[in-house]
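Asks: A single structure is presented below for examination.
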Amino acid sequence: MIPLPTSIESFRNIVHFVTAANAQSFTDAAEQLGISKSAIGKSISLLEQNLGTALFHRTTRKISLTTEGEAYLASCLIALETLQVAENTLRSKLTEPCGTIRIDMPAAFGRSVMMPILLDMAERFPHLRLTITFNDKVIDPLDIGFDLAIRFGALKDSADLVAKKLNEQHLVLCASPDYLARYGAPLGMEELRQHRCIMAWRGGSPLSWLLKNANQQDIRFNPTPFHQISDGDAMVDACVAGAGIIQFPESLLRPYVARGELVFILPELTPEPSELSIIWPRSRHLLPSVRFIVDELITLSKQNAFG
C-alpha cells in the first residue's frame, strides 16, 4: 500500500512547498495562496523537520532548492498532477483520456511511425497532452523518466518494468541504387564485411547486426564500421545518400524502397523477427490515460499498424 500523508496539515505543507519552489520566493508564494509569509516559512520548516532534510537554501535575498528539494519537488509534481487528472475527470465526467503523458521512443521509428498515431489520438481527445522524447538507448530501470516507452528487441517483465509485445519486426539490409551501382551488391556475409557498413553508435561503441548464417542460426555480425552514427534518422539519410549499407526494421525502410530510394539486399541473411514492445514502470500506478494509450497501441498492433 502506498503511504498517504498523515494529516491534512501534511498535505497542506506539500502544497506550500510546491508553490514556494515554483515561485522561488516565500513572499510570492504567500501572496498566491493568500496567507502570510511567516505561515509559509513555518509550514515548510515543519515539512523539512518531518522529512529530516533541508529542502531550500535560504539567504536574506532569495531561496533555492537543495538537491534533495529538487528530487522531492519532482515527486510532488507527479503526485499533484495525478490528483488533478482525477479531479478533472470527476468534475467534468470525462470518459476520454486527459492529462500529460510522457512517451519515449526510438528516433527514426518514433518520428515516422508512432508520431502520426499519437498525434491522431491527441486530435481525437483534446484533453490529452503528450510529452515526447526520442531516445535510442537501452532502458535503464534506475533512470525512469517516462510513463511509456517504445523499444525494439526482446524484453521481459522485471522488478522495475512491465513490457508488452506489440508485434514482430523484420531486420533487413538495405542500400541505395547509387551505392550498389558504384560498389556492387555483396553476394554473401563475407563479401558484406568488405562493404561500407553504417553502424549504430551507442554507449561509445558500434552496435552489432543480427544475421542468419549458412546453418540458419542467428549470429552477431560485427563488420568494421565505415560510418558510425548515433541517430536512426541520420543513418537512413546517409544510406539514401549512397554512403553505405544499413540494417533496420523493414517497416521503417518500406516507404523508401517503394519510392526507389533504397533496395533490400541479401534477404537470405534476414534473422528471426525482433520484437517491438511498449514498456512502463512497474512501480508507477497506471493512470487511466496511460492505460488508454496502451490499449490503443495493442489494438493497432493487431491491425498490423506497425508491421
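The values are calculated or read from the model by the stated rules, or taken from the named source; none is laboratory data. Note that the structure is predicted; figures quoted are calculated from it, not measured. When we count neighbours, we look across all protein chains shown, and the Cβ atoms used for this are built from the backbone with ideal geometry, even at glycine.
Asks: I'd like the full set of residues that are modelled with pLDDT under 90 and more than 21 Å from SER10 (Cβ to Cβ), limited to segment 38-62.
Replies: ARG58, THR59, THR60, ARG61, LYS62
Asks: Do we have any residue at all in segment 77-85 that's touching a residue at least 60 places away in the same chain (Cβ under 8 Å), among the hydroxyl-bearing types (Ser, Thr, Tyr) and on the phi < 0 side of the Ramachandran plot?
Replies: Yes.
Asks: A follow-up question, please. Taking the criterion of being at pLDDT 90 or above, closer than 17 Å to VAL294 by Cα and over 15 Å from the mean Cα position of the chain (by Cα), would at least one residue in segment 99-112 satisfy it?
Replies: no
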